[in-house]
Amino acid sequence: MFQLIKNANLFAPEAMGLCHVLVAAEKIIYIGAHEPVLDDILDVEVVDLAGASLVPGFIDGHAHITGGGGETGPASRVPPVFLSQFTQSGVTSVVGVLGTDDLTRNTQSIVTQAYGLREEGLSAWCHTGGYHLPLTTLTESARADIVFIDPVIGVGELAISDHRSSQPTLDEFLRIASEAHVAGLMTGKAGILHIHMGDGKRGLELVREALDHSEIPARVFNPTHINRNKSLFEEALPLSLRGVRLDVTAFPEGHSDPGWSAAEAFLQYTKGGFPADKLTISSDGGGCLPHFNEEGEPVRMGVGCASTLPETLREILSHKVPMAQALAPFTANVADLLKLSHKGRLQQGKDADMVVLDKNNNITDVMARGRWHKRNGQTQIFGTYEQS
Ligand SMILES: [Zn+2]
């Protein structure tokens with residue numbers, strides 16, 4: 001079946017003006033100002049957007065697709081994330097990670113979950129490993145996981161400067177980064193080391209030492225949660241000038257204290273004139289977010305959700321940031337970091353992953369791999385067990 005999307009105010013993410021888009025077999029096969037003429041013999045579904053914004057589907061580079069958590073006992077393990085939790089929020093591509101619990105959840109389970117999400121219509125990948133050393137892997141090494149297992153594109157989230165970390169030494173840290181890098185070279189995959197940053201006072205010391213003392217390119221080191229506290233954020237900013245791509249977490253409202261919200265982090269980064277292509281924003285969806293009382297005891301468990309991505313985009317846009325600039329950390333920048341060349345941009349030949357925004361920048365429609373998962377605000381496709 002063909003899908004003709006008419007009268008879209010298209011952001012590729014660059015502003016392209018009013019365009020018509022033709023989709024077939026999961027791909028964008030035409031974008032242009034002229035409406036394509038299609039023979040009656042073809043089965044064509046037409047959607048007229050009447051000037052609504054059409055933007056690339058979001059790539060969530062950090063989500064606990066198997067469910068994360070487990071930090072306050074077995075009952076605190078978060079269940080796996082359902083398909084529509086991604087698609088409702090405009091996420092059409094996701095990268096799964098293991099965090100604290102890289103024992104009861106392992107590379108086997110995350111690879112299988114990625115395959116499951118693919119079967120349900122999403123685009124999904126994952127990293128191998130998790131917070132700890134020795135790395136959780138499926139084969140004998142992280143390098144072999146990346147080389148031999150299709151969805152595995154990097155290593156992480158390896159924890160540093162955190163009380164839950166395995167406290168890797170510089171040599172161990174470099175060894176893991178080299179595994180990711182070499183496997184990336186061998187496959188054309190991202191080959192990154194995705195690094196969970198804790199609140200510890202050592203901050204990004206290991207990353208700076210790695211840049212100073214090794215030959216591994218800066219692009220391999222990809223710290224996340226850099227907005228979790230203000231001094232870590234300050235420390236992270238100059239690394240972007242050395243070629244490190246920084247990932248900001250879109251914490252739910254009220255959770256960014258003592259750091260910055262993702263929108264605040266984006267605005268400061270942009271105002272500071274740091275390289276626009278080196279910033280990405282991810283959700284930490286499916287991760288556990290414990291609420292602590294004054295004694296530091298967990299009183300209630302929260303769960304990260306992909307919905308913080310469109311909320312962050314709306315917040316950024318409310319500060320009069322041009323759409324193309326606001327979209328980049330959710331789309332093109334993530335595709336470039338992850339070497340997903342068929343993702344993150346609306347161009348002929350790329351995958352048909354797109355999101356329609358109304359005039360208030362709320363998501364009304366979502367297409368993933370050429371199928372409408374959301375239409376006029378209603379979920380069209382649910383995950384296998386979602387409604388049972
Ligand atoms: Zn983390």
- Item | Filter result (part of a strand (DSSP E or B), closer than 24 Å to R375 by Cα and either away from the ligand (no atom under 16 Å from the Cβ) or of a type in the set (S, T, N, Q) (or both)) within region 53-103 | S53, L54, V55, P56, F58, I59, V91, T92, S93
- Wholly within region 274-388, which strands (runs of 3 or more DSSP E) include no fewer than the required count, namely at least 2 residues that are modelled with pLDDT of 95 or more and either hydrophobic (A, V, I, L, M, F, W, C) or touching an Asp or Glu at 6+ places or on another chain (Cβ under 8 Å) (or both)? 279-282, 354-357, 363-368, 371-375
- Note on the structure: Exception for V303 within (1) out of contact with any helix residue (DSSP H, G or I) (no Cβ under 7 Å at 6 or more places or on another chain); (2) under 29 Å from G188 (Cβ atoms); (3) of a type outside the set (G, A, S); (4) not assigned by TED's automatic domain parsing to the domain that holds V366 falls at (2)
- Message: If I ask for residues that are surrounded by fewer than 18 Cβ atoms within 10 Å (Cβ to Cβ) and modelled with pLDDT of 95 or more, which ones from region 255-269 would you list?
- Response: L267, Q268
- Message: Pull out all pairs, ordered by first then second residue, where Cβ-Cβ is under 8 Å, the residues are six or more apart or on different chains, the first lies in region 115-129 and is more than 17 Å from V97 (Cβ to Cβ), and the second is buried (at least 19 other Cβ atoms within 10 Å of the Cβ) and among the charged types (D, E, K, R).
- Response: G121/R369
- Within region 183-195, can one find any residue that is assigned to a loop (DSSP other than H, G, I, E, B) and in contact with a Pro (Cβ under 8 Å, 6 or more places away or on another chain)? no
- For region 30-58, pairs from a residue that is among the hydroxyl-bearing types (S, T, Y) to a residue that is part of a loop (DSSP other than H, G, I, E, B), with Cβ under 7 Å and 6 or more apart or across chains, are Y30/P36; Y30/Q348
- Query: Pick from region 191-210 the residues that are more than 16 Å from the ligand (Cβ to nearest atom) and in contact with a strand residue (DSSP E or B) (Cβ under 7 Å, 6 or more places away or on another chain): which of them is nearest to L237 (Cα to Cα)?
  - Reply: A210
- Could you list, in sequence order, the residues of region 44-82 that are at positive phi and either assigned by TED's automatic domain parsing to the domain that holds T224 or touching a helix residue (DSSP H, G or I) at 6+ places or on another chain (Cβ under 7 Å) (or both)? G67, G69, G70, G73
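The values are calculated or read from the model by the stated rules, or taken from the named source; none is laboratory data. Treat the numbers as computed from the prediction; the structure is a model and nothing was measured. No Cβ is skipped: glycine too gets one built from the backbone with ideal geometry, and neighbour counts run over all protein chains shown.
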